[in-house]
């Protein structure tokens with residue numbers, strides 16, 4: 001055997017080398033947990049942290065709070081104040097909330113419709129956790145009539161305006177190459193604005209999550225992961241260009257996830273008793289979303305996929321607004337909302353990459369540089385259109 005020969009080890013020995021650091025790390029962690037790192041005398045007073053994730057009014061004279069313990073140790077809820085007065089309450093499963101545990105607190109309080117009420121939870125060591133009811137109104141309970149009403153709201157906000165935007169498709173088919181490139185650039189601008197708006201919406205929902213979810217990093221990681229997965233799935237071999245219908249489908253998926261967030265906002269506004277805000281959101285989002293139909297139809301101007309494809313694209317892009325309205329009105333879940341919107345950010349970013357590539361290829365085919373004044377004007381027009389229509393929502 002030569003001196004340079006590599007010794008052959010059994011697979012079990014190789015795995016033993018990998019497991020040794022893990023075993024030693026486990027010993028170290030056990031030591032830290034048992035001894036507190038040798039600094040227990042400097043640990044200070046207990047740290048309590050509780051998050052009131054949702055306040056509902058399921059019936060007359062009843063206030064219900066959903067509470068999560070996102071602190072480092074268990075918390076015992078000993079007292080409840082409503083409008084600075086102590087009130088009896090029941091907690092299920094217990095007034096003691098373990099770390100990462102959840103509890104439902106029912107307070108028999110004669111709330112007044114239309115009034116604001118302030119809630120405080122006191123722990124056994126006197127820590128105060130606050131919540132509020134901005135406008136008291138009975139929380140919508142699932143029933144057939146309200147189910148259809150919320151569904152119609154999602155239809156008005158998502159599906160119908162997108163379908164109306166697609167009606168510009170026959171007109172777009174008669175445009176010359178420069179005009180089509182302008183509309184594709186305009187689509188990029190629309191999507192850039194949607195990506196930014198979806199990102200901000202995701203951060204807003206993430207801020208409502210308990211601390212252990214690490215909302216902001218989770219949004220960034222989920223968005224990057226979805227962008228990477230979609231980019232890998234969309235990669236073509238031998239320089240093959242993506243199909244126009246495939247691009248439009250991916251645009252519809254990204255817009256659909258964005259519209260899911262719009263539905264959540266509308267449903268939650270009505271669930272919280274802010275009917276005026278909910279109605280205003282319906283009007284603003286309806287006008288805002290008509291431009292999204294143009295963006296979905298733009299890649300298809302050179303090849304008509306048939307009316308069935310347009311119906312399917314409208315359902316993909318507009319249908320989630322219906323689901324979002326149901327979810328926001330009946331069973332709002334900030335975790336699911338944050339995840340869906342983060343995926344939407346990644347999906348929209350991937351479509352911006354893909355449609356931007358179409359614009360670049362079209363410019364090269366025409367013998368023009370990658371970035372032209374026409375392309376820049378299209379992107380700017382898309383952003384401005386979305387900004388102006390979104391202004392009606394934020395006004």
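Rounded, prolate or oblate, given the Cα gyration tensor of the stretch 50-133, with a/c below 1.5 counting as rounded? Since a/c reaches 1.5 and a/b is larger than b/c, the shape of the stretch 50-133 is classed as prolate.
Overall shape: oblate for the stretch 168-242, with the ratio a/c of the largest to smallest alpha carbon gyration tensor axis at 1.5 or above and b/c at least equal to a/b.
The calculated FRET efficiency for residue 66 paired with residue 20, based on their beta-carbon distance and R0 = 41 Å, is about 0.35. Listing 102, 250, 54 from fewest to most neighbouring C-beta atoms within 10 Å gives 102, 54, 250. For the chain, the relative contact order is 21 percent, taking Cα pairs closer than 8 Å that sit 6 or more residues apart in sequence and dividing their mean separation by the residue count. Sum -39500 (n - 2.57) across every DSSP H segment of at least 4 residues in the chain, then divide by the residue count to get the 222 nm mean residue ellipticity, nearest 500. Helices in the chain give a 222 nm mean residue ellipticity of -19500 deg cm²/dmol. Computed on the stretch 50-133, with alpha-carbon pairs under 8 angstrom and 6+ residues apart, the relative contact order is 33 percent. Classification of the chain by its C-alpha gyration tensor yields an oblate form. The axis ratio a/c (a ≥ b ≥ c) is 1.5 or more, and b/c is at least a/b. With neighbour counts taken as other beta-carbon atoms within 10 Å, the residues 169, 387, 109 rank, fewest first, as 387, 169, 109.
Panel order for 365, 258, 117, by other beta carbons found within 10 Å of each beta carbon, from fewest to most: 365, 117, 258. The gain in end-to-end length when the residue 83 to residue 155 segment is fully stretched comes to 22.0 nm, 0.36 nm per residue minus the alpha carbon separation. Estimated translational diffusion coefficient (Stokes-Einstein, Kirkwood radius over Cα pairs, 25 °C, 0.890 mPa s) of the stretch 26-177: 125 µm² per second.
Computed extension gain for residue 92 through residue 175, at 0.36 nm per residue and net of the alpha carbon distance, reaches 23.5 nm. Annotation: extensible slack from residue 196 through residue 113 equals 26.2 nm (criterion: 0.36 nm per residue apart, minus Cα-Cα distance).
Read-outs throughout are calculated quantities, based only on the coordinates presented, and are distinct from any laboratory measurement. It should be emphasised that the depicted structure is a prediction, and the values quoted were computed from it without experimental measurement. Backbone-built Cβ (ideal geometry, glycine too); neighbour counts: all protein chains shown.
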